[in-house]
Amino acid sequence: MQEIDELLCASLRGENPLWPEHGNDEFVDRFLERSAYHGVQALLHHYIVDRERVDLGWPEVVLATCRRQATAQALWEMRHQYLLNQVLERLVAIGIHPILFKGTALAYEVYPAPFLRTRGDTDLIVPSGTRNRVAKALETLGFRELGTRADIISGQTSYSWTDPASSQEHTLDVHWRITNSTLLSNLFSYEELRSVARPLPNLSANALAADPVHALVLACMHRAVHKHALYYVDGVEYYGGDRLIWFYDIQLLFSMLSPSQRNEFVEFAECKGLRATCLDGIEATRARFHTTIPEAVCDALSRPGSREAASSYLSGSRVSRIWMDFQAARGVRNKSRFLAELLFPPAIHMRQKYRQANSTWLPWLYLRRAMTGFLKYLQTPNR
């Protein structure tokens with residue numbers, strides 16, 4: 001596993017490494033599986049395309065797989081961009097200006113071509129009070145809502161549109177909070193992101209994205225969240241924050257910052273209580289991609305200071321995170337709703353989540369959820 005990750009990193013650094021395991025089909029299979037997990041096959045094709053003319057020993061099956069993935073992603077990207085243009089045009093027409101962040105925003109801001117940033121959805125944040133209007137606008141465009149809009153535990157709702165020609169899904173994650181965590185979501189408001197948002201003309205005349213400093217802090221935080229938060233790659237469940245595509249995001253973002261923006265990044269990380277999280281993110285990125293990071297930046301992020309609630313949250317146990325989120329819920333009413341949603345999610349959510357259970361008896365579904373959650377808790381690292 002480590003040998004494969006090192007080979008991937010060297011390739012993405014543009015070092016043109018030789019293929020190390022000739023005639024080893026098992027190594028090829030593991031390489032393809034690992035590169036798919038890391039979300040870098042299209043990006044890898046960008047770096048290794050010339051190897052079809054230069055004999056470095058890379059197996060044809062690897063070159064062909066990366067080429068197919070890049071082609072498929074490019075075709076998906078064309079349809080996805082068309083849909084996003086429709087969505088943004090419709091929302092702006094009714095006075096709603098979403099801010100894009102994470103994968104799609106970075107794809108059109110810092111990557112050589114947007115299809116190289118493999119992703120399964122687009123994240124955007126809207127003002128909390130516009131949720132119902134956004135839902136109606138998306139419904140008129142043919143999107144269907146997935147799940148429910150719980151206010152406290154969840155800060156987002158997903159909407160999906162299926163291409164009738166290819167059966168490919170295009171998903172939007174519409175946030176009214178930047179993350180599901182109550183504590184972390186209090187750090188970033190729509191209004192703050194909107195005040196410094198940048199146009200994203202490569203995507204659409206109506207597109208706005210988080211500015212590079214905010215985007216870099218969010219990228220480090222997002223990577224840290226997934227050390228303990230479940231995510232899916234090709235339908236498979238994973239925990240852990242070490243996907244190479246996330247580190248590549250951090251590298252591209254940091255590399256585009258001016259000296260003054262790097263100082264702003266440090267100050268912003270300190271203001272949000274995320275110095276330790278950002279330090280971990282950029283140092284882990286440097287270890288993989290040899291990113292040039294001035295020592296002054298690392299020194300500033302590592303200097304002693306007051307306790308950082310956000311970084312402590314991200315490195316804490318599951319029980320401590322729940323407690324900190326409960327404390328961060330403002331007011332008795334929100335704290336009560338936090339507990340209610342934590343223990344008893346809406347009935348429609350339960351029936352959607354356990355649609356294969358062939359049961360409409362809610363007490364059984366809640367018991368099943370409790371037992372499943374307890375088993376996952378025992379198996380999850382950093383609990």
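The values are calculated or read from the model by the stated rules, or taken from the named source; none is laboratory data. Predicted model, so just to flag it, every value in this text is computed and none were measured. Here Cβ is always computed from backbone atoms with ideal geometry, including for glycine, and neighbour counts include all displayed protein chains. The accessibility values were calculated without ligands, DNA or RNA, using every heavy atom of the protein model including side chains. Shrake-Rupley method; radii C 1.70, N 1.55, O 1.52, S 1.80 Å.
Out of Phe101, Phe27, one residue alone is on the phi < 0 side of the Ramachandran plot, over 17 Å from the mean Cα position of the chain (by Cα) and not aliphatic (A, V, I, L, M). It is Phe27. One residue stands out among those in segment 214-239 that are surrounded by 14 or more Cβ atoms within 10 Å (Cβ to Cβ) and among the small types (Gly, Ala, Ser): the one that is nearest to Leu43 (Cα to Cα), which is Ala219. With respect to Leu244, is the statement that it is under 13 Å from the mean Cα position of the chain (by Cα) and crowded, with 20+ Cβ neighbours inside 10 Å true? Criteria met by Leu244. Restricted to segment 1-79, the set of helices (runs of 4 or more DSSP H) holding at least 2 residues that are surrounded by fewer than 19 Cβ atoms within 10 Å (Cβ to Cβ) and modelled with pLDDT of 95 or more comprises 2-12, 25-37. Of all residues in segment 84-121, those being touching a strand residue (DSSP E or B) at 6+ places or on another chain (Cβ under 7 Å), over 20 Å from Ile245 (Cβ atoms) and open to solvent by 10 Å² or more (accessible area, probe 1.4 Å) number 1. Of everything in segment 122-142 that is of a type in the set (Ser, Thr, Tyr) and open to solvent by 40 Å² or more (accessible area, probe 1.4 Å), the residue that is nearest to the chain's Cα centre (by Cα) is Ser128. With respect to (1) open to solvent by 20 Å² or more (accessible area, probe 1.4 Å); (2) modelled with pLDDT of 85 or more; (3) among the acidic types (Asp, Glu), the lone exception for Asp163 is condition (1).
For segment 252-271, the set of residues classified as open to solvent by 40 Å² or more (accessible area, probe 1.4 Å) and within 24 Å of Glu15 (Cα to Cα) consists of Ser255, Met256, listed by residue number. The residues of segment 272-306 that are outside any loop (DSSP other than H, G, I, E, B), farther than 17 Å from Ala224 by Cβ and open to solvent by 50 Å² or more (accessible area, probe 1.4 Å), listed by number, are Glu295, Ala296, Asp299. Restricting segment 172-205 to residues that are open to solvent by 20 Å² or more (accessible area, probe 1.4 Å) and touching a Phe, Trp or Tyr at 6+ places or on another chain (Cβ under 7 Å) leaves a set whose member that is farthest from Gly129 (Cα to Cα) is Asn202.
Among the residues of segment 209-267, those that are assigned to a helix (DSSP H, G or I) and of a type in the set (S, T, N, Q) comprise Gln251, Ser255, Ser260, Gln261, Asn263. Screening the candidates Pro212, Pro199 for the property of being closer than 30 Å to Ser260 by Cα and out of contact with any Asp or Glu (no Cβ under 9 Å at 6 or more places or on another chain) yields one hit, Pro199.
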